[in-house]
Amino acid sequence: MAWYRNHYHCGDCGTDWEDEWSCCCDDECPECGSRHWSPLASEDLTEVIAERKSIFAVLRSPAHASDRPRYTQIAEFSSRELAAKLIVDGELT
Ligand SMILES: [Zn+2]
């Protein structure tokens, strides 16, 4: 598993909402209760960049995340570019 922010749209009442979860699962409309809406789009938040002072840390949501991301830091960089490169490449070099 991983961590995602899912974007939904209800075809019954037109509500848009988003939710963060450990999978791209269907959700229930928060306005009218209509069910089984699949996400229109999902952002992968399994790996994110956290900026602290001049340090850019890469955080990863571990495989056992289920109800919250449980991020752990996997690396630190001096620039956002280097941190982003790790996420794109998917491995430490
Ligand atoms: Zn609705």
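The values are calculated or read from the model by the stated rules, or taken from the named source; none is laboratory data. Just so we're clear, the structure is a prediction, and the values are computed from it rather than from any experiment. Cβ coordinates were reconstructed from backbone atoms using ideal geometry, including for glycine residues, and neighbour counts include every protein chain displayed. Surface areas here come from the heavy atoms of the whole protein model, side chains and all, with no ligands, DNA or RNA. Shrake-Rupley method; radii C 1.70, N 1.55, O 1.52, S 1.80 Å.
Computed values, structure above
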read-out: Residue tally, condition in contact with a Pro (Cβ under 7 Å, 6 or more places away or on another chain) and part of a loop (DSSP other than H, G, I, E, B), over the range 16-39; value: 1
read-out: Yes/no for Ser78 being away from the ligand (no atom under 16 Å from the Cβ) and open to solvent by less than 70 Å² (accessible area, probe 1.4 Å); value: no
read-out: Residue count for the range 1-38, restricted to those that are within 16 Å of the ligand (Cβ to nearest atom) and either free of Cβ contacts under 8 Å to residues at least 24 places away in the same chain or open to solvent by 50 Å² or more (accessible area, probe 1.4 Å) (or both); value: 23
read-out: Single residue of the range 39-62 satisfying the filter (among the small types (Gly, Ala, Ser) and open to solvent by less than 70 Å² (accessible area, probe 1.4 Å)) that is farthest from Trp17 (Cα to Cα); value: Ala57
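Here's the yes/no breakdown for (1) under 26 Å from Ser61 (Cα atoms); (2) assigned by TED's automatic domain parsing to the domain that holds Pro62; (3) modelled with pLDDT under 95:
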residue	(1), (2), (3)
Tyr8	yes, no, no
Asp12	no, no, no
Trp17	yes, no, no
Glu20	yes, no, yes
Cys23	yes, no, yes
Cys29	no, no, no
Gly33	no, no, no
